[in-house]
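Below is one structure, written out as structure tokens; the observations come after it.
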Amino acid sequence: MIEVNNLRKVYNTGAAAVEALKGITLSIKQGEFVAIMGPSGSGKSTLMNVLGLLDTPTAGSYRLDNEEVSGLSKDRLAVLRNKKLGFVFQAFNLIPGLTAVKNVELPMLYAGLKPDERRRKAVAALERVGLGERLNHRPNELSGGQNQRVAIARAIVNNPAVIMADEPTGALDTRTGEEIMAIFQQLHREGATIVLVTHEPEIARHAQRILRFKDGLLISDETVENPISVAGKEVVG
Ligand SMILES: Nc1ncnc2c1ncn2[C@@H]1O[C@H](COP(=O)(O)OP(=O)(O)OP(=O)(O)O)[C@@H](O)[C@H]1O
Ligand SMILES: [Mg+2]
């Protein structure tokens, strides 16, 4: 699903150039659930931005779903991003003035779907994350965990090839973080490919595989022997 070869990213700001990624080679298969860890400044978000088509690498190749994407135009990248990727962020990034269902409809608005189909799919996505009873609540009328579930519904509504999450539990307490991980695990069981950045070892151990970064390099790639499993049924379905 994701194949990266000798990927480099250099930021040129002012006098000093920062080499944030120093030649990363990795692949992530369809249906994998991967956590990315590493100290602050090790290049995790830089990698997520490149994998998420929000930024372009300085050198190296990136194949997403069997298509070479380095070198594509900004417009083409935006189209691919909308079609293939779903994003979840630490700060939810919802539109405050819009209800849950309207927030989830947004990616489909850009994709040009008809209003009734948008509504139907948004409701279905919110039901999948256990928010079928909160369709018309606005972000300030929902808890942090509920807002993150709206953000997950928005991320999955276009059926993305990959769900990318940068510190999705970073703003939540432990219990709510677990509920969010239950949803990711449920989506993973249903076949989703998930890449998740976290600082918390306990959160990372919900994934099947942990990639560790340090100073712009991938320093380890390990299989999680017994991933922490959270029953999803109290939250989902
Ligand atoms: N837009 C930018 N311009 C210049 N330098 C940048 C930019 N973004 C990141 N960097 C530098 O690249 C390096 C990697 O940053 P990155 O944000 O990828 O780290 P990170 O692993 O996500 O850290 P954190 O855990 O703190 O989020 C850092 O040295 C950072 O200062
Ligand atoms: Mg970061």
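The values are calculated or read from the model by the stated rules, or taken from the named source; none is laboratory data. This structure is a prediction, so every number in the text was calculated from the model and none was measured. Glycine gets a Cβ as well: all are built from the backbone with ideal geometry, and neighbour counts include every protein chain shown. With ligands, DNA and RNA removed, areas are computed over all heavy atoms of the protein, side chains included. Shrake-Rupley method; radii C 1.70, N 1.55, O 1.52, S 1.80 Å.
Key figures
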| item | result |
| --- | --- |
| Entries in Lys9/Lys214; Lys84/Lys114; Lys9/Lys84; Lys83/Lys214; Lys44/Lys84 that, when Cα-Cα distance is taken, lie over 24 Å | Lys83/Lys214 |
| Projected label distance in nm at His199 and Leu26, using a 7 Å step from Cα toward the beta-carbon | 1.9 nm |
| Largest to smallest accessible area among Thr169, Thr176 [probe 1.4 Å] | Thr176, Thr169 |
| Neighbourhood net charge (10 Å Cβ-Cβ; Lys/Arg +1, Asp/Glu -1) for Asp215 | +1 |
| Carbon + sulfur, % of accessible area of the range 20-89 - ligands and nucleic acids excluded, 1.4 Å | 48 percent |
| 14 Å cut-off, amide nitrogen to a point 7 angstrom out along Glu190 Cα→Cβ, residues in the range 91-111 | none |
| Highest-MSF residue in the chain out of Gly177, Gly112, Gly41 [GNM, Cα springs under 10 Å] | Gly112 |
| Computed [θ] at 222 nm, helices only, for the chain once each DSSP H run of length n ≥ 4 contributes -39500 (n - 2.57) | -10000 deg cm²/dmol |
| Portion, in percent, of the accessible area of the range 106-237 that falls on carbon or sulfur, probe 1.4 Å | 47 percent |
| Counting DSSP beta bridges with both ends in the range 118-221, the antiparallel % (nearest 5) | 45 percent |
| Relative contact order (%) - criterion: Cα under 8 Å, at least six apart; region: the range 152-234 | 29 percent |
| Positive minus negative residues near Asn158 (Lys, Arg vs Asp, Glu; Cβ under 10 Å) | +4 |
| Ranked by how many other beta carbons lie within 10 Å on average, peptides 205-217, 128-140 from highest | 205-217, 128-140 |
| Net charge of neighbours whose Cβ lies under 13 Å from the Cβ of Gln90, counting Lys and Arg as +1 and Asp and Glu as -1 | -2 |
| Residue-span extension gain [Leu98 to Tyr11] - 0.36 nm each, minus C-alpha spacing | 27.8 nm |
| Accessible area of the chain divided out per residue, in Å², using a probe of 1.4 angstrom | 48 Å² |
| Whole-Å distance, taken between Cα centres, linking the range 66-129 and the range 164-234 | 22 Å |
| Relative contact order of the chain, pairs being alpha-carbon contacts under 8 Å that are 6 or more residues apart, as % | 27 percent |
